[in-house]
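Peer 1: Structure in structure tokens, see below.
The values are calculated or read from the model by the stated rules, or taken from the named source; none is laboratory data. In this text the structure is predicted, and so the values were computed from the model without any measurement. Using ideal geometry, Cβ is built from the backbone for each residue, glycine included, and neighbour counts are taken over all protein chains shown. SASA here: full protein model, heavy atoms, side chains in, ligands and nucleic acids out. Shrake-Rupley method; radii C 1.70, N 1.55, O 1.52, S 1.80 Å.
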Amino acid sequence: MNSNDVAFKARPRRISHEEVRARIGEPEDLIKSKVHDRIDRHSRRFIAHAPFLAMATSDATGLPDCSPRGDYPGFAKVLDERTLAIPDRPGNQLADSFRNLAENDGIGLMFIVPGVREVLRVNGRAYPTDEPDVLARMRTEGKAAQLAIVVEVAEVFFHCGRALIRSRLWDPASQALAAELPSVGEIAAEQMGLDIDPAVVTRMLEAEYRELY
Amino acid sequence: MQRAVLERVEPVAEGAVSLVLRGDGGPLAAWEPGAHVDLVLPNWLTRQYSLCGDPADRDSYRVTVHHDPLSRGGSEYVHLYLRTGRTLEISLPRNNFPLSPAAEYLFIAGGIGITPIVPMLASAVEAGAVARLVYVGRSTATMPFADELRATYGDRVRIHTTDEHGRPDFAALAATLNPLALVYCCGPASMIDTAEAVFPPSRLRVERFRPAAKQFALNSAFLVDCVRSGRTVEVGAEQSVLDALNHAGFPVPSGCREGVCGSCEIPVVGGEPEHRDDIGAPPGRMYCCVSRALSPRLAVDL
């Protein structure tokens, strides 16, 4: 704990789901009906314009992990109204998502289109593939994806825009927040205990970022 | 770059649509039959399409796009998501497949490979040349412009459907070819490979959608001297010249990244390039997405 943190006398109180429901109420039938079991034309169009998604998986014990994926809009491919495929590009080789999927095939996706306040949520079951016809659709800058994640869709729904409105996510003025954070080099140098000038670490990372594929 | 508004999307065959693009605030750049343009799609992808309208029409361009079932996101976007009224960026026309003067022509098109051939055939007929077209496709329903071409040119156009008649006999075409005729062939790789096997190389011009399968010596690293800026860029064995230049901050444009479109042409002023493209670089030029170096250093005008 950081010495500046407000000290709690105890852990924050845990309340039951019944108590939660008592506070927020039951969803209206209209809201429940927005959950579909397949990718309709609006969801398909949204996915075709999304350059970014967050991908949640969890291991056998239920410990979750959420990982960012991004590329040109439509990088996640709709194979049919029940199936999606997400390319795997070079990353940190930790393969957390793949390891989780081997233990627990549940997956949750959140697609984001810049400028749009609503997000698209897709939940389902997933597995890795090296199917050539799937990987062929994912060639970028002359390089094929090495693997893809196939998602068998169970639930698809648009999530309302309040979170993105409150967060001012698409307001250009919000980008001023970045200046309030330390550089990636400062963070990495401290967290990894490196005795290197943080500016050098930042430059090394920037050079690595130029090799995206 | 120029800008144009997508005015119409017209279905022209099963799995093929024509896009009519009207110049945004003035005439579009002139072009010659065989030319193509890069279209920058709203999903950030750039794709090359042959111009298949009338070169005399300076107000609009027409391109025709086949929906590739293994689309990487270009033709799928055009077919499923592109909306009329949208303003699109279009490159200036580039011609890697120009029509040379001749008294007689044999045009061979396979499927969507008909697109550059349509204005070439019109131009050849208008010039008074003897011109024939052999147009190959699975079935007439899948072949854009088949009816119009038959209606306009009659017996000069032979439609060959492989579902009914199998592959056409190119050897027979070659055997009866006037030795002075030029042969223009655009279509899938298997068709171009067959054409290259039977027609004399000096008479044959081809345009490929995808690169031919080729074998090269193993890649090695080399240096590129950018003479105008006085900088030297190292190209790794597993890296393209294009990527190395882009990473070093030289904004060289690119399109197909497979050596077929010509977007990434750069001027070479020294050293010996190893040309790996399917276009045929003119002297003093190279297509840096695929081409490398035979000499340890290249000098380019960047």
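Peer 1: All other residues with a Cβ under 15 Å from the Cβ of residue A:186 taken together, and with Lys, Arg as +1 and Asp, Glu as -1, what is their net charge?
Peer 2: Surrounding charge for residue A:186 is -4.
Peer 1: Within 10 Å of each Cβ in peptide B:71-81, how many partner chain Cβ atoms are there on average? Round it to a whole number, please.
Peer 2: 4
Peer 1: Lys/Arg Cβ at +1, Asp/Glu Cβ at -1, dipole of the protein assembly as shown taken about the Cα centre: which of A:189, B:254, B:226 is farthest positive-ward?
Peer 2: Checking the options against the dipole of the protein assembly as shown, the answer is B:254.
Peer 1: Order A:59-70, B:278-289, B:20-31, B:256-267 from most to least packed using the mean count of other Cβ atoms within 10 Å.
Peer 2: Per-residue Cβ counts within 10 Å, averaged per peptide and sorted highest first, yield B:256-267, B:278-289, B:20-31, A:59-70.
Peer 1: Assign unit charges at the C-beta atoms only (+1 for Lys and Arg, -1 for Asp and Glu), then state the dipole size of segment B:104-208 relative to its Cα centre in Debye, rounded to the nearest 20.
Peer 2: With only Lys, Arg, Asp and Glu charged at Cβ, the dipole is about 120 debye.
Peer 1: To continue, here is another question. For the protein assembly as shown, count all C-alpha to C-alpha pairs, find those more than 40 Å apart, and express that count as a whole percent of the total.
Peer 2: 36
Peer 1: Counting partner chain Cβ atoms within 10 Å of every residue's Cβ in A:47-54, what's the average?
Peer 2: 2
Peer 1: Please give the solvent-accessible surface of residue B:160 in Å², to the nearest 10, using a probe radius of 1.4 Å with every protein chain present.
Peer 2: Only protein atoms counted, so the area is about 20 Å².
Peer 1: When the Kirkwood hydrodynamic radius is evaluated over all pairs of different C-alpha atoms of segment B:225-302, what value in angstrom, to one decimal, is obtained?
Peer 2: Hydrodynamic radius (Kirkwood, Cα only) of segment B:225-302 equals 12.2 Å.
Peer 1: While we're on this one: Just need log10 I(q)/I(0) for chain A at q = 0.10, 0.19 Å⁻¹, Debye formula, equal scatterers on the alpha-carbon atoms, no solvent, rounded to two decimals.
Peer 2: -0.61, -1.44
Peer 1: Rounded to the nearest 20 debye, what is the charge dipole size of the protein assembly as shown about its Cα centre when +1 sits on each Lys and Arg Cβ and -1 on each Asp and Glu Cβ?
Peer 2: Around 740 debye, computed over the protein assembly as shown.
Peer 1: Using DSSP, restrict attention to beta bridges with both residues in segment B:168-302 and report what percent are antiparallel, rounded to the nearest 5.
Peer 2: 55
Peer 1: Quick check: Cα centre of segment B:253-302 to Cα centre of segment B:5-34, how many Å?
Peer 2: If we compute the Cα centre of each part, the gap is 30 Å.
Peer 1: For chain B, just the Cα atoms, rotate onto the principal axes and tell me the three extents in Å, largest first.
Peer 2: Ordered largest first, chain B gives principal extents of 59, 48, 36 Å.
Peer 1: Now a separate question. Between B:42, B:175, B:113, whose Cα lies farthest towards the positive end of the dipole of the protein assembly as shown when Lys and Arg beta carbons carry +1 and Asp and Glu beta carbons carry -1, centred on the Cα centre?
Peer 2: Of the candidates, B:42 comes out farthest on the positive side.
Peer 1: Calculated FRET efficiency, residue B:126 and residue B:8, Cβ-Cβ r, R0 25 Å, to nearest 0.05?
Peer 2: 0.50
Peer 1: How big is the antiparallel share of DSSP beta bridges in the protein assembly as shown, given as a percent to the nearest 5?
Peer 2: For the protein assembly as shown, the DSSP antiparallel bridge percentage is about 75.
Peer 1: Treating the beta-carbon of each Lys and Arg as +1 and of each Asp and Glu as -1, no other charges, what is the dipole magnitude of segment A:107-213 about its Cα centre, to the nearest 20 debye?
Peer 2: The calculated dipole for segment A:107-213 is roughly 580 debye.
Peer 1: Before rounding to the nearest 500, sum -39500 (n - 2.57) across all DSSP H runs of length at least 4 in the protein assembly as shown and divide by the residue total; then give [θ] at 222 nm in deg cm²/dmol.
Peer 2: Result for the protein assembly as shown, helices only: -5500 deg cm²/dmol.
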